[in-house]
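Quick notes on the structure that follows.
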Amino acid sequence: MLLAYFLRTRIWQTGALEWWGRIDNQEVYLGRREFPLPPEQGDQWQVRATGDIFRVVDGEIRRIGRQPVEDFA
């Protein structure tokens with residue numbers, strides 16, 4: 001099976017240009033513009049809508065934490 005961007009994490013983009021992935025057998029929102037394209041080893045980002053922080057480690061996207069998101073008004 002060929003996986004997108006050489007990741008072992010299954011990811012997809014919706015028609016609303018939102019990125020989602022399957023992490024620990026759950027569908028997880030990975031963000032919109034903050035999602036790195038192409039995602040590469042060591043990339044890290046915070047999803048503005050949820051505060052979740054992700055990092056690409058060993059070819060997998062992993063949730064590494066959550067922090068409050070400042071209001072970008």
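Taken together, the values in this text are just the output of simple stated rules run on the coordinates, not laboratory data. All values derive from a computational prediction rather than experimental measurement. Methodologically, a virtual Cβ is constructed for each residue, glycine included, from the backbone with ideal geometry; neighbour enumeration extends over all protein chains shown.
Scan the stretch 30-41 and tell me whether some residue there is among the aliphatic types (A, V, I, L, M), within 19 Å of Phe6 (Cα to Cα) and part of a loop (DSSP other than H, G, I, E, B).
Restricting attention to the stretch 30-41, the residues satisfying the condition of being among the aliphatic types (A, V, I, L, M) are 30, 37.
Of the ones still in play, those that are also within 19 Å of Phe6 (Cα to Cα) are 30, 37.
Keeping just the survivors that are part of a loop (DSSP other than H, G, I, E, B) gives 37.
Yes, the stretch 30-41 contains a residue that is among the aliphatic types (A, V, I, L, M), within 19 Å of Phe6 (Cα to Cα) and part of a loop (DSSP other than H, G, I, E, B).
Just for the stretch 42-61: of the residues that are exposed (fewer than 15 other Cβ atoms within 10 Å of the Cβ) and assigned to a strand (DSSP E or B), which one is farthest from the chain's Cα centre (by Cα)?
Looking at the filtered set, the residue picked out is Val57.
Within the stretch 13-29, can you find the residues that are surrounded by 12 or more Cβ atoms within 10 Å (Cβ to Cβ) and either in contact with a helix residue (DSSP H, G or I) (Cβ under 8 Å, 6 or more places away or on another chain) or assigned to a loop (DSSP other than H, G, I, E, B) (or both)? Step through it out loud before you land on a result.
Step one: of the stretch 13-29, the residues surrounded by 12 or more Cβ atoms within 10 Å (Cβ to Cβ) are 13, 18-23, 28-29.
Selection gives Glu18 alone.
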